[in-house]
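Structure, as structure tokens:
The values are calculated or read from the model by the stated rules, or taken from the named source; none is laboratory data. Source: prediction; values computed, not measured. Quick reminder, even Gly has a Cβ in these numbers, built from the backbone with ideal geometry, and neighbours come from all protein chains shown.
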Amino acid sequence: MEGERQIRDTLYDILGEEGCGMACEDDADIFFDEEGWKLMLCGFMEPWKLGDTVEQAKAALETFGSMGYGLA
């Protein structure tokens, strides 16, 4: 799915080579359900809600990354 690829690329742009998502690359699950886009990283209990659109999801990741939130 193109949206998933765009969100995943944004995630890895934020994380760089050292972020936890790179260590858990195979376990970074990005999916869309009835509540919108979500991200599930290994080590987290529940998926993070990212938004209804790809652009909202990318913006949410940028916000989470700027706050630390275990992404960087």
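Report whether or not A59 is within 15 Å of Y12 (Cα to Cα), at pLDDT 95 or above and surrounded by 13 or more Cβ atoms within 10 Å (Cβ to Cβ).
Considered against the rule, which asks whether it is within 15 Å of Y12 (Cα to Cα), at pLDDT 95 or above and surrounded by 13 or more Cβ atoms within 10 Å (Cβ to Cβ), A59 comes out as yes.
Within the stretch 32-48, which residues are modelled with pLDDT of 95 or more and surrounded by 14 or more Cβ atoms within 10 Å (Cβ to Cβ)?
F32, G36, W37, K38
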